[in-house]
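Student: Encoded as structure tokens, here's the structure I'll be asking about.
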Amino acid sequence: MASPTSLVKRLLLGRPFRSDKLQHTLLPKRIALPVFASDALSSVAYAPDEILLTLSIAGASAYVFSPWVALAVVVVMLTVVASYRQNVHAYPSGGGDYEVATVNLGPKFGVGVASALLVDYVLTVAVSVSSGVANLGSVLPFVAEHRVGVAVTAVALLTAINLRGLRESGTAFAIPTYGFMIVIIGMILTGLVRIFVLGHDLRAPSAELVVSAEHADLTAFAMAFLLLRAFSSGCAALTGVEAISNGVPAFKPPKSRNAATTLLMLGSVAIIMIMGIIWLSRLTGLQFMENPARQLADGPVGYVQKTVTVQLGEAIFGGGVLLFVVAGATALILFLAANTAFNGFPVLGSILAQDRYLPRQLHTRGDRLAFSNGIVFLALTAILLIVSFQAEVTRLIQLYIVGVFVSFTLSQAGMIRHWNRLLRTERDPVVRRRMVRSRAINTFGMGLTGAVLVVVLVTKFLLGAWIAIAAMAVIYAMMLGIRRHYDRVAAELTPAEGRPVLPARNHAIVLVSKVHQPTLRAVAYALATRPDTLTALTVNVDEADTRAVQAEWERHGVTVPLTVIDSPYREITRPILDFVASARRESPRDVVTVFIPEYVVGHWWENLLHNQSALRIKGRLLFEPGVMVTSVPWQLASTARKNLDRFDATLNRGPARGPRGGAPVGGLFGPPPPSNTAAAAAPPPPLAGTDLEEPPPAPGRDAAGPR
């Protein structure tokens, strides 16, 4: 019968997949679009908000610049999409920007790109989920009052869905993603038809508000800086584009072509939606403020500002069911947009772990063939950000997009070097023309994304971008430190030239706390290894207890001499370590093997009833050079069920083989000494601080071991 932990795991995650089922998790374009593009598509729910919010600082009159700011964002998006189509064809292995920068610019540039992407993936989850809560809170006051709790719950649900595997998460997200596209594009078309065809005068709920400028009489330079800040905030719409280049291995063949097609579909749909929302905002007189409490001169008491998409839905559809459809679809896509990071972050983490820049645990797949450790780490980090910033989009957005434009710029620089290297050897004129065209696209992309990066750093540094930069620097240093550690360990583990030098002699030491079955088995096993010398060692922490152990030792007739070392301060570990070290000092070429008898319990709560000093002694001995530590287990009756389970599993796999031969180990017991009634009646003393208390005899066992 499976354990409760295993049952819960199977209930949440499903049955494990075999490794040879990995091909069945690959995605067609219709599923890959919602899986990898949901972040970029959902950005239309907060990128227009940030553009209008920033422009409101100069007053309602500054909204006239919103279409031009959005158009500048669209130009950057088209450039990035065109550039990354070259990337997915040139590097289909899934390394994305990290692989491009590492191969063409060097490992340190690659680590820099990776640190930027890791930070941006975490922020993608935090910003998307927080924005989803804000949209849902526009129509449900309860959500607005408990936004942090709702956001954390959404991240937990996303984590559970992704842990079930890539294909299932893609199927789960396909319907709501396509539903969001239909709802937003349908809302845009409905609004345009009502305004231009039917002649309706649509007005947003905030159209009649009088918005005052936070800073009146801005100079030309200040206004230009404000426009640049609005542009940098709107560039949040570009986040998620790079996820496709990192996820090419998840596509069905032909992988590169399918990824490039999906990238083009992503860019086209995102551009239509962001421009349509900004255009409708101007036509309906929609206003979105940075600080309504200060900027509303004669606004309603207790005014609660709704998001841009919810205001447009109310202006176009009224306050009926369709308004809740718009709000629900927007909130849902924003929750699911974090799935882009849940697919990109673990894959990138696995690649970095394989290259020894992150812990090896991030490289392995879980039961459902997903990179479970990376998914869980991403979720915990995003939850920490959400709680720290109270799920406020405006505060989180200031940390956003710095990392993604760092990776954009370095990736395009790497692609330029890539094409230059190929052009030096390529002689086919047709292929050369194609390479020159690709290089021109990447060159323009590098120049544009580099300029945007400078704008983002200048306009957002003091508003919170410095936190993201500091996080990138810390992760960069940490990854280089991890790589140095792995390199150092690999160098130390490399076999030396020539044949290894064998130990001259083997000295065995058996630790004795009581004369019971685990101790006698340990002595018998130590004798079976045929060491050069064998010492049974006990520590004298109490004179009476030690004399009782000696008497019991003689009563059983054990032929191995019992050595007693004093411990006036009742410490166990240090005297043992000193004894072992002295044995090593006498002959450095010798090896010392320490046998630690211990018994095994079958239930977790039984471990709480026994101390763990054997583990402490074992842990300390592991740091002693030339010392081997051997645990000799004795299974108690409570482990019988677990042993039967393992035996049944062995039978299911095939015939079980018994031990070869059956000759018993001799030499453990000599002729029994005369009976000593007092010594036999006295309970054997414990070795203080160990987990070797006297257990009850297990069924089917005797003093020499199992029958």
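The values are calculated or read from the model by the stated rules, or taken from the named source; none is laboratory data. Remember, predicted model here, so these are calculated numbers, not experimental data. With ideal geometry, Cβ positions are generated from the backbone for all residues, glycine too; neighbour counts draw on all protein chains shown. Keep in mind that these areas ignore ligands, DNA and RNA; they rest on the heavy atoms of the full protein, side chains included. Shrake-Rupley method; radii C 1.70, N 1.55, O 1.52, S 1.80 Å.
Student: Return the residues of segment 542-561 that are crowded, with 17+ Cβ neighbours inside 10 Å and touching a Gly at 6+ places or on another chain (Cβ under 9 Å); say none if nothing qualifies.
Tutor: Answer for segment 542-561, where residues must be crowded, with 17+ Cβ neighbours inside 10 Å and touching a Gly at 6+ places or on another chain (Cβ under 9 Å): Val558, Val560.
Student: Yes or no: Leu369 at pLDDT below 85 and buried (at least 22 other Cβ atoms within 10 Å of the Cβ)?
Tutor: For Leu369, the condition - at pLDDT below 85 and buried (at least 22 other Cβ atoms within 10 Å of the Cβ) - is not met.
Student: Of everything in segment 613-626 that's of a type in the set (A, V, I, L, M) and not in a loop (DSSP other than H, G, I, E, B), which residue is modelled with the lowest pLDDT?
Tutor: Here the residue is Ala614.
Student: Turning to a different aspect of this structure: Among the residues of segment 200-220, write down those that are more than 18 Å from Leu286 (Cα to Cα) and either open to solvent by 100 Å² or more (accessible area, probe 1.4 Å) or at pLDDT 75 or above (or both).
Tutor: His215, Asp217, Ala220
Student: Return yes when Val100 is more than 18 Å from Phe345 (Cα to Cα) and open to solvent by less than 10 Å² (accessible area, probe 1.4 Å) and no when it is not.
Tutor: Considered against the rule, which asks whether it is more than 18 Å from Phe345 (Cα to Cα) and open to solvent by less than 10 Å² (accessible area, probe 1.4 Å), Val100 comes out as no.
Student: List every residue pair whose Cβ atoms lie under 6 Å apart, where the two residues are 6 or more positions apart in sequence or sit on different chains, the first residue falls within segment 44-65 and is closer than 14 Å to Val308 by Cα and in a helix (DSSP H, G or I), and the second residue, located anywhere, is charged (D, E, K, R) and open to solvent by 10 Å² or more (accessible area, probe 1.4 Å).
Tutor: So the pair list comes out as Leu53/Glu290; Thr54/Arg229; Ser56/Glu290.
Student: What is the one condition in (1) touching a Lys or Arg at 6+ places or on another chain (Cβ under 7 Å); (2) surrounded by 19 or more Cβ atoms within 10 Å (Cβ to Cβ); (3) at pLDDT 85 or above that Leu385 does not satisfy?
Tutor: So Leu385 meets the others, but not (1).
Student: Condition first: open to solvent by less than 40 Å² (accessible area, probe 1.4 Å), farther than 21 Å from Ala270 by Cα and of a type in the set (Gly, Ala, Ser). Now tell me which residues in segment 65-95 satisfy that.
Tutor: The answer is Ala90, Gly94, Gly95.
Student: Okay, next question. Quick one: count up the residues across segment 516-532 that are open to solvent by 10 Å² or more (accessible area, probe 1.4 Å) and either among the aliphatic types (A, V, I, L, M) or in contact with a Cys (Cβ under 7 Å, 6 or more places away or on another chain) (or both).
Tutor: Selection size over segment 516-532: 3.
Student: Got at least one residue in segment 425-438 being surrounded by fewer than 24 Cβ atoms within 10 Å (Cβ to Cβ), without any contact (Cβ under 8 Å) to a residue 60 or more places away in the chain and under 30 Å from Asp49 (Cβ atoms)?
Tutor: No, segment 425-438 contains no residue that is surrounded by fewer than 24 Cβ atoms within 10 Å (Cβ to Cβ), without any contact (Cβ under 8 Å) to a residue 60 or more places away in the chain and under 30 Å from Asp49 (Cβ atoms).
Student: Taking segment 372-382, which residues are open to solvent by 10 Å² or more (accessible area, probe 1.4 Å) and in contact (Cβ under 8 Å) with a residue 12 or more places away in the chain?
Tutor: Matches in segment 372-382: Ser372, Asn373, Val376, Phe377, Thr381.
Student: While we're here: Quick test of your reading of the structure: Leu462 fulfils all but one of (1) over 22 Å from Tyr91 (Cα atoms); (2) open to solvent by less than 60 Å² (accessible area, probe 1.4 Å). Name the failing condition by number.
Tutor: (2)
Student: Is at least one residue of segment 404-418 under 16 Å from Ser232 (Cβ atoms) and either open to solvent by 60 Å² or more (accessible area, probe 1.4 Å) or out of contact with any helix residue (DSSP H, G or I) (no Cβ under 8 Å at 6 or more places or on another chain) (or both)?
Tutor: No - not one qualifying residue is present in segment 404-418.
Student: Residue under question is Val564, and the condition is that it be crowded, with 20+ Cβ neighbours inside 10 Å, over 20 Å from Gly626 (Cβ atoms) and not charged (D, E, K, R); does it hold?
Tutor: Judged against the criteria, Val564 is not a match.
Student: Restricting the search to segment 470-502, which residues are open to solvent by 60 Å² or more (accessible area, probe 1.4 Å), β-branched (Val, Ile, Thr) and under 20 Å from the mean Cα position of the chain (by Cα)?
Tutor: The answer is Val474, and nothing else.
Student: Another question, then. Filter segment 232-255 down to the residues that are within 26 Å of the chain's Cα centre (by Cα) and of a type in the set (S, T, N, Q), then identify the one that is nearest to Ser43 (Cα to Cα).
Tutor: Ranking the qualifying residues of segment 232-255, first place goes to Thr239.
Student: Could I ask something else about it? In this structure, does Leu280 turn out to be outside any loop (DSSP other than H, G, I, E, B) and either more than 17 Å from Leu55 (Cα to Cα) or open to solvent by less than 30 Å² (accessible area, probe 1.4 Å) (or both)?
Tutor: yes
Student: Got a sec? Which of Pro503, Pro518 is in contact (Cβ under 8 Å) with a residue 12 or more places away in the chain and under 20 Å from Val564 (Cα atoms)?
Tutor: When all the criteria are applied, what remains is Pro518.
Student: Scan segment 553-612 for residues that are touching a Pro at 6+ places or on another chain (Cβ under 7 Å), farther than 19 Å from Asp542 by Cα, part of a loop (DSSP other than H, G, I, E, B) and not basic (Lys, Arg) and report the count.
Tutor: 2
Student: Looking at segment 572-604, which of its residues are open to solvent by 40 Å² or more (accessible area, probe 1.4 Å) and in contact (Cβ under 8 Å) with a residue 60 or more places away in the chain?
Tutor: Phe579, Arg589
Student: Sort through Asn87, Asn104 and tell me the only one that's assigned to a helix (DSSP H, G or I), touching a Lys or Arg at 6+ places or on another chain (Cβ under 7 Å), over 25 Å from Thr330 (Cα atoms) and not hydrophobic (A, V, I, L, M, F, W, C).
Tutor: Unique residue meeting the criteria: Asn104.
Student: OK, next. If we keep just the residues of segment 605-620 that are among the hydrophobic types (A, V, I, L, M, F, W, C) and surrounded by 15 or more Cβ atoms within 10 Å (Cβ to Cβ), which is farthest from Thr639 (Cα to Cα)?
Tutor: Filtering first and then ranking leaves Ile617.
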